[in-house]
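Some notes on the structure that comes next.
The values are calculated or read from the model by the stated rules, or taken from the named source; none is laboratory data. Worth saying up front: this structure is predicted, and the values here are computed from it rather than measured. Backbone-built Cβ (ideal geometry, glycine too); neighbour counts: all protein chains shown. To get the accessible areas, we keep the full protein, side chains included, count just its heavy atoms, and leave off ligands, DNA and RNA. Shrake-Rupley method; radii C 1.70, N 1.55, O 1.52, S 1.80 Å.
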Amino acid sequence: MNHPPPRRTRAYALTENRAARAHRDAAEPLTMQSLICTAERAGVPVGAVPQEWQTVLAWCSGTGIAVAEIAARLQLRLTPTLALLRSMRAHGLITSQTSLDADNNIALLLRVRNRLARKL
């Protein structure tokens with residue numbers, strides 16, 4: 001018996017409808033080259049967060065992962081991915097680190113974009 005393919009969670013649900021507010025409230029801006037790492041989750045049990053968040057947390061453990069890579073793995077555009085990560089940061093699940101000179105390195109940004117285009 002053929003089963004329909006599993007439905008993907010909509011980006012609206014992943015971000016808890018926080019896209020606009022999270023962007024305004026962000027103390028440190030997130031960009032596609034920001035490095036995302038897991039934070040110390042003192043009182044938050046892993047099972048208490050949505051499955052998609054748990055997946056992102058698994059990717060971010062250790063040395064961390066770039067926002068662009070998370071977007072590619074989730075197969076989402078950059079804007080909903082940034083909203084998702086801002087929500088996770090607001091809950092204290094992740095930390096972010098942005099390179100100070102990343103905006104000046106256009107060659108790096110073009111390589112990242114071209115590499116992502118090849119994967120999709």
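Looking at the stretch 111-120, which of the residues that are under 12 Å from GLN33 (Cβ atoms) and open to solvent by 70 Å² or more (accessible area, probe 1.4 Å) is modelled with the highest pLDDT?
Out of the qualifying residues, it is ARG113.
Say we look at the stretch 93-102 and pick out the residues that are outside any loop (DSSP other than H, G, I, E, B) and open to solvent by less than 20 Å² (accessible area, probe 1.4 Å); which of these is farthest from LEU116 (Cα to Cα)? First the steps, then the outcome.
Kept after step one, since they are outside any loop (DSSP other than H, G, I, E, B), are these residues of the stretch 93-102: 94-97, 102.
Of the ones still in play, those that are also open to solvent by less than 20 Å² (accessible area, probe 1.4 Å) are 94, 102.
Details: ILE94: 23, ALA102: 17 Å.
Once the filter is applied, the top-ranked residue is ILE94.
Somewhere in the stretch 48-55, is a residue crowded, with 17+ Cβ neighbours inside 10 Å, modelled with pLDDT of 90 or more, of a type outside the set (A, V, I, L, M) and farther than 20 Å from ARG113 by Cα?
No, the stretch 48-55 has no match at all.
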